[in-house]
1. Which count do you get for residues in the stretch 39-61 that are among the hydroxyl-bearing types (Ser, Thr, Tyr) and modelled with pLDDT of 95 or more?
2. Of the residues PHE179, PHE164, which single one is touching a residue at least 24 places away in the same chain (Cβ under 8 Å) and among the hydrophobic types (A, V, I, L, M, F, W, C)?
3. Of all residues in the stretch 67-78, which are at pLDDT below 95 and either farther than 18 Å from GLY132 by Cα or among the hydroxyl-bearing types (Ser, Thr, Tyr) (or both)?
Amino acid sequence: MNLKLLSVLLASSLLLMGCNDDDDTSTDPVDPPVVEPPVTDPVDPPATEVITINDADTVVLTVDEYDASSGALTFSLDNGDEKAITDATNYSIMYFGYPDPAASSSNAKAWKRWHVSQTFNCDTSSEDACAGVLTETETEGQYTFNAVDLDLESKAAAGAVEVFKVAIQIHGEKASNEFELIPAGE
């Protein structure tokens, strides 16, 4: 065999063995591949669904706050399907004052049945001025009512009125809420 050919074979064998050596301690740092996050639209908060009072087929009223001393009210309206009701203007709000049910009286038959009341109405289709002030808050479907000149105490003996209740009815073209007596503090 040719010595030259044998030298070339031996040199190439050594080169191949050197490339496959597992003891190679030289490591080059490898940067991880750059993966860009997918582009997404920012998440907007869900929009509150609303309906106007004149388009609502059902009106559900929830009293949030009731201050018996001033008659101030905060309440919310929805249509029963979680849609806030806006644009309410027509109302009938009645305040009631009752005696203390635990107090005694000289008139055993009638004393627990008496009450005093004061009504605040607003019908925007009439020319009569609205009694009280109904204001829609920044929260859709929430309202405050200011009972201007509420005075149940003057209609009964001094200190006789101990229990206060209110009945609120909001009117739309198609529906009004249920008429219900709501005690103060509930």
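The values are calculated or read from the model by the stated rules, or taken from the named source; none is laboratory data. All of these numbers come straight from a predicted model, not from anything done at the bench. A quick note on method: Cβ atoms are made from the backbone with ideal geometry, for glycine too, and the neighbour counts reach across all protein chains shown.
1. First, pick out the residues of the stretch 39-61 that are among the hydroxyl-bearing types (Ser, Thr, Tyr): 40, 48, 52, 58.
Now restrict to residues that are modelled with pLDDT of 95 or more: 52, 58.
Number satisfying all stated conditions: 2.
2. Matching residue, one of PHE179, PHE164: PHE164.
3. Listed by number, the residues that qualify are SER69, SER70.
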